[in-house]
Amino acid sequence: MADDGAHGSTLSFNSATVGDVVDIEYSDGGADIDVTDLNSSTKEYIAGTKDPRITATVIGRTALTDGATGALSITWNDGGSDSISKAKVKIRSVRGAEGGRIESQLVFVPTP
């Protein structure tokens, strides 16, 4: 049975498909900044700078290496998309288990 690539979502790095995606996550939250005043009765926060991160697991080993840079985009199976225009591979790990397939996990973050 063919893998359905995270139900039809695709991950591209520098316009090339990264591989058969098993799992993918996009987050863009930033750390909260404490703006509590001395007169405040409770702690108060404002949203910090966005911190986009994409974590993906693909089937097999990938040619991408730690530190590789380029444009990154996700096309979700519902037609939506997310991207990081200048991204770098922060972490690349490869795993395999007895009787299982080899998978690569990639973590992408923005770069200047």
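The values are calculated or read from the model by the stated rules, or taken from the named source; none is laboratory data. These numbers were taken from a predicted model, which means no experiment stands behind them. Because the Cβ atoms are built from the backbone with ideal geometry, glycine has one as well, and the counts that use them run over all protein chains shown.
The conditions of being surrounded by 11 or more Cβ atoms within 10 Å (Cβ to Cβ), under 26 Å from His7 (Cβ atoms) and touching a Phe, Trp or Tyr at 6+ places or on another chain (Cβ under 6 Å) are met by Leu72.
Scan region 87-99 for residues that are more than 12 Å from Phe13 (Cβ to Cβ) and of a type outside the set (Gly, Ala, Ser) and jot them down. It would help to see each step written out before you state the result.
The first filter runs over region 87-99 and keeps only residues more than 12 Å from Phe13 (Cβ to Cβ), leaving 90-91, 93-99.
The answer is Lys90, Ile91, Val94, Arg95, Glu98.
Within region 43-67, the set of residues being hydrophobic (A, V, I, L, M, F, W, C) and either more than 19 Å from Asp20 (Cα to Cα) or in contact with a His (Cβ under 7 Å, 6 or more places away or on another chain) (or both) comprises Ile46, Ala47. Looking across region 11-20, just one residue is at negative phi and modelled with pLDDT under 90, and that is Asp20.
Residue-by-condition table, conditions (1) modelled with pLDDT of 95 or more; (2) of a type in the set (S, T, N, Q); (3) out of contact with any helix residue (DSSP H, G or I) (no Cβ under 8 Å at 6 or more places or on another chain):
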site	(1), (2), (3)
Ile74	no, no, yes
Asp78	no, no, yes
Ser81	no, yes, yes
Lys88	yes, no, yes
Gly99	no, no, yes
Ser104	no, yes, yes
Val107	yes, no, yes
Pro112	no, no, yes
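Look at region 83-109: where a residue is farther than 15 Å from Val21 by Cβ and a partner is assigned to a loop (DSSP other than H, G, I, E, B) and β-branched (Val, Ile, Thr), sitting 6+ places away or on another chain with Cβ atoms under 6 Å, you get Lys86/Thr111; Lys88/Thr111; Gly96/Ile102.
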